[in-house]
Amino acid sequence: MSEPAPVPDKELAVRAAAGDHGAFDTLVRRHTARMYRVALRITGSSAEAEDVVQEAWLSAWRALPAFRHESAVSTWLYRVTTNGALGQVRRRKPTVPLDEGDAGVVPGPEGHVVSAEQVGAVLRAIAELDVGQRIPLILREFEGLTYEEVAEVLEVGVPALRARLHRARVALLAKLGDNFRPGER
């Protein structure tokens, strides 16, 4: 026998808004890892990322009855997480560089192309970007969201998003300078 198809996020959100704790638990299990990755890359701290995700879920639980399903549940959760992470960053001192040991990030396919040292340099450079450049870069390049999804999370138009991403990539390359040359091993 084949397993039943997973319940769509939208249905789970509707059921959770009506008080179904099991449906909410399913959403939590399904989306927490992605939310944590985004929060970690924005804050640069695993402890802060955990706090952000916990607060994001509390906010989501409270806001579910008002959620109008004009966007995908996952996009909405990215927005809640991004806003929480931004708030966390604003409440602390200026940007804290991402510590490689604290990142908890295991490189994917890029690990086959560049050395661990180069991956570390890229992660540090991303952490040093202005938060307005860092977030779209994280959502697009690390989380794989489409331009439309990132624009929706950030509540900007696609042309504005493309401009932000371009500036972020230029700034990232400038920060990397001679320390990183793609294709060198």
Fully extended, how many nm does the chain gain between ALA163 and GLU70 (0.36 nm per residue separation, minus their Cα-Cα distance)? 31.0 nm
ARG15 accessible area, 1.4 Å probe, all protein chains in place, Å² to nearest 10: 90
Probe radius 1.4 Å, ligands and nucleic acids left out: which of ARG91, ARG164 has the largest accessible area, and how do the rest follow? ARG91, ARG164
³J(HN,Hα) across the range 18-35 via Karplus (A = 6.51, B = -1.76, C = 1.60, θ = phi - 60°), whole Hz, x for Gly/Pro? 7, x, 7, 5, x, 5, 5, 4, 5, 4, 4, 4, 6, 10, 4, 4, 5, 4
With every protein chain in place, the accessible area of SER45 for a 1.4 Å probe, in Å² rounded to the nearest 10, comes to 30
For TYR78, TYR147, give me the order by solvent-accessible area with a 1.4 Å probe, most accessible first, ignoring ligands, DNA and RNA. TYR147, TYR78
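The values are calculated or read from the model by the stated rules, or taken from the named source; none is laboratory data. Note that the coordinates shown come from a computational prediction; the quantities given were computed from them, not determined experimentally. With ligands, DNA and RNA removed, areas are computed over all heavy atoms of the protein, side chains included. Shrake-Rupley method; radii C 1.70, N 1.55, O 1.52, S 1.80 Å.
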